[in-house]
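Just below is one structure, and these are the notes that go with it.
No value in this document is a laboratory result; all are computed from the given coordinates. Only a predicted model underlies this, so the values are computations on that prediction, with no experimental measurement involved. Cβ coordinates were reconstructed from backbone atoms using ideal geometry, including for glycine residues, and neighbour counts include every protein chain displayed.
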Amino acid sequence: MVIDVDNLVKKYGSIIAVDGIGFRVDSGEAFGMLGPNGAGKTTTVEIIEGLRTADSGQVSVLGMDVARVPAKIKQRIGIQLQAPSLLPLVSVEEILQLFGGFYERSLPVDDVLEMLSLQDSRKVLVKNLSGGQQQRLSVAMALINDPDIAFLDEPTTGLDPQARRGLWSVIENMRGKGKTIFLTTHYMEEAERLCDRVAIIDHGQIIAMNSPRELINEYFNESAIQFEMEPPPSEVILKSFPGTTQVIVSGSEVIIYSDNIPATMSAILKYAEKTGLTEQLKDLYVREPTLEDVFLKLTGRKIRE
Amino acid sequence: MKPFLKLLIADLKQFFRDRTALFFTFAFPIFFIFIFGWVFSGAGDMSYKIGLTNNDETSVGDSISQMLHQIPIFEIIEGEQDAQMEELEQGDLKAVIVVPADIASSIGSGEPSEITVYYDPTQTTSAQIIIPVLRQAVDEINRQLTQQPLLLRLSEESIQVHDLRDIDYLVPGILAMSVLFLGLFGSLTLVERREKKILKRFGATPLRRSTMVFSQVVYRMILALVQTLIIIAIAYFVFGVQMVGNWFVLLGVVLLGTLTFIAIGYFAVSRARTTEGAMPIIQLIQFPMLFLSGIFFPVDLMPDFMRPVMDALPLTYLGDAFRQVMVEATPLYPLWIDIAVLGGWLVVSMILAIKLFRWE
């Protein structure tokens, strides 16, 4: 066990940002903290990293108390911050050398550049980097001290799909080398793909925690039917469809969780025919539930609303 | 030591890659010396164009003309009165001297004769300089014509070991100003880095805050030393201002002054949330300090009620220290008082800055 968090509380005035969070992360595990913006993810992570102090609760990292020996812990963890800003007039190579110099032990800059495919921009000044390159550099900086635990806070936010996939494979490589990874994200597919275990967090509390597959199985033995219709049927009507266990309507988009797909499907089609809205029914498909659906089911909200 | 040096090198690299910073740190004080230097050094060897209408054709008129030609600050141009009066009105001539036609005969008959000088009283400086010089010249001519022996002579001895010109007073002032800017504005870097979360990023590593601040301070001191050498070099090679004092004392005062103003800057912006908020605070300190400290104006020009203000400002003492060390000008205070007052400001500001500085 490399991270042990117990009953963590942090308030900002009357707002409770972190409300009694507790969990453990094992060595070599890729742990994800998942939740909408403002759920308390970043506050929690920054307390674990020693960048903020908690109002109450215990955090131990690598067997050390964060409140007591933050500097010792920082030697052995790598931190990637959200929306990183760096010295603008030094090059990629120089900033990695600079940050490497802050630690007792650090990796050769070339290795880190290669890991993040930044070799070609090694001489480029930070201010001239593209958003994707900056994001990769900020991950590179988190890895320069060859950390036992890498904390990555929304590492792929603002990246195009290709760059995101590139970064995912970097993180997968790290997993392969047995590094512990602590990832926060609001991209469900990212958590699903990268994490051994995720904690879903909302309003400062953990509302579910397990492996992505287990979480989905725990909350769903049904499948999801998704379609668009203008105007959408009312929830009362949707719930009357056979097999329906839960419905979520947002705008013209409808998701029905159903344990009897054929029955629910034919009810939907009948309804459309009867009301003369067949033309209005679009993008109807059946899919396996995802973490996004777990979040929806638990909170009744979509994660990115 | 390693993080400290790496940070220092990174900051120096950034500085030399930043043209705006380069300009304001080095070009600006140089620019300032040249402008002030030309304005003031001009006054020293400036000559005034004086018209002379000599209506007397005898040897008396000639000898008067010769005497006037010998005055070093006058450039005598002889011509007709009407034309010269017109040039005077246009400001091409600063004065017109008219020697009357009958001067030889008047002198022969023992009658006093009048040499008239026309001048433009709105041109105050030239009038203030030209008229007394002319009066002296006329006295001298008078004495030679009447052949009276000289009984009293005024001997002028400067108490300065070497003569000080305006530019000599000015260069220490410019140096003090540069140190003021370099110190005060240093604090903005920290505010900007806090605002942009660069401090937070540093804080995510084992780097100590004290190391970070220390490297910033040393970085500023290096800039101050380089700036000092450039200013002194330009003052010496272009304007012949001699650095007559002890180099070690001078550089010591430069470092002390830089430290003091860095500390004052950090204290001043300690509660500011943004760079935009910090900037006006710095300017609010900088401008009155520049004008009330007497680094550019002699203390005597300051109204009495302003004296206590002047006596409180650290820049007054820095300027005074530079002046006495660099050009051995008459000090306002003994050097140890200058150093003690700067040291006092340093300690107090530093304590306040450490107590009040907002890191997050």
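Our Cα-only numbers for chain B put the radius of gyration and Dmax at 28.8, 101 Å.
For region A:158-208, count all C-alpha to C-alpha pairs, find those more than 19 Å apart, and express that count as a whole percent of the total.
Distances greater than 19 Å cover 31 percent of the Cα pairs.
For region B:179-278, the list of chymotrypsin sites (Phe, Trp or Tyr not before Pro) that fall in a loop by DSSP and count at most 15 other C-beta atoms within 10 angstrom is empty. Seen against the Cα atoms of chain A and their longest principal axis, helix A:161-176 is set at about 60 degrees. Any idea what % of Cα-Cα pairs in region A:1-83 are farther than 19 Å? Looking at region A:1-83, the distances longer than 19 Å represent 34 percent of pairs.
Neighbour counts of C-beta atoms inside 10 Å place B:His69, A:His186 in the sequence B:His69, A:His186, starting with the fewest. Estimated from the Cβ-Cβ distance and a Förster radius of 22 angstrom, the FRET efficiency linking B:Asp120 and B:Asn55 is about 0.50.
Legend: P(r) of chain A from all alpha carbon pair distances, 20 Å bins from 0, whole percents, reading 30, 49, 20, 2.
By the count of neighbouring beta-carbon atoms within 10 Å, fewest first, B:Ile174, B:Ile103, A:Ile15 end up ordered A:Ile15, B:Ile103, B:Ile174.
Each Cα pair under 8 Å and six or more residues apart adds its sequence gap; the mean of these over the residue count of chain A is a relative contact order of 19 percent. For region B:136-151 versus region B:44-90, the spacing of their alpha-carbon centroids is 20 Å. Summarised as an ellipsoid, region B:46-146 has semi-axes of 23, 15, 12 Å, derived from the eigenvalues of the Cα gyration tensor scaled by 5 and square-rooted, with the largest first.
For region B:148-250, the fraction of C-alpha pairs more than 23 angstrom apart is 52%. Taking 26 Å as the straight-line reach from the Cα of B:Lys197, the lysines in range (excluding those fewer than 8 positions away in the same chain) are A:Lys10, A:Lys11, A:Lys41, A:Lys72, A:Lys74, A:Lys123, A:Lys127, B:Lys2, B:Lys6, B:Lys13, B:Lys355. With N as its number of residues, the protein assembly as shown has a Cα radius of gyration that, divided by 2.2 N^0.38 Å, comes to 1.56.
Working from Cα pairs under 8 Å separated by at least six residues, relative contact order for region A:112-199 is 28 percent. The Cα trace of region A:79-128 gives Rg and Dmax of 10.8, 30 Å, the first to one decimal, the second as a whole number.
Just flag the trypsin sites (Lys or Arg not before Pro) in region A:40-114 sitting in loop per DSSP whose Cβ has no more than 13 other Cβ atoms within 10 Å. Don't skip to the end; give the middle numbers.
Numbers: sites: A:Lys41, A:Arg52, A:Arg68, A:Lys72, A:Lys74, A:Arg76, A:Arg105; in loops: A:Arg52, A:Arg68, A:Arg105.
Here the sparse-neighbourhood loop sites are A:Arg68, A:Arg105.
List the trypsin sites (Lys or Arg not before Pro) within region A:163-256 that fall in a DSSP loop (any state other than H, G, I, E or B) and whose Cβ has at most 12 other Cβ atoms within 10 Å. Passing both the DSSP loop test and the Cβ count: A:Lys177.
Electrostatic bookkeeping for A:Leu89 treats Lys and Arg as +1 and Asp and Glu as -1; over the other residues with beta carbon under 10 Å from its beta carbon, the sum is 0.
With Cα atoms as the point set, the radius of gyration and Dmax of region A:221-288 evaluate to 10.6, 32 Å.
Which shape class, rounded, prolate or oblate, goes with region B:217-348 when its Cα gyration tensor gives a ≥ b ≥ c as root eigenvalues, a/c under 1.5 marks rounded, and past that a/b bigger than b/c marks prolate? Because a/c hits 1.5 or more and a/b fails to exceed b/c, region B:217-348 counts as oblate. Between region B:202-238 and region A:87-139, the C-alpha centres lie 25 angstrom from each other. Look at the alpha carbon pairs under 8 Å that are at least 6 residues apart: their mean separation over the length of chain B gives a relative contact order of 19 percent.
Compute the signed sum of charges (Lys and Arg +1, Asp and Glu -1) over the other residues within less than 13 Å, Cβ to Cβ, of B:Met243.
-1
Within the same chain, aspartates and glutamates fewer than 8 places from A:Lys302 are excluded, and of the rest, those with a Cα less than 13 Å from its Cα are A:Asp202, A:Glu253, A:Glu292, A:Asp293. Neighbour counting of Cβ atoms within 10 Å sorts the residues B:Ile337, B:Ile232, A:Ile268, B:Ile262, fewest neighbours leading, into B:Ile337, B:Ile232, A:Ile268, B:Ile262. Consider a paramagnetic label point 7 Å from the Cα of B:Phe31 along Cα→Cβ; state which residues of region B:280-294 have an amide N under 20 Å from it. From region B:280-294, the list is B:280, B:283-284, B:286-288, B:290-291.
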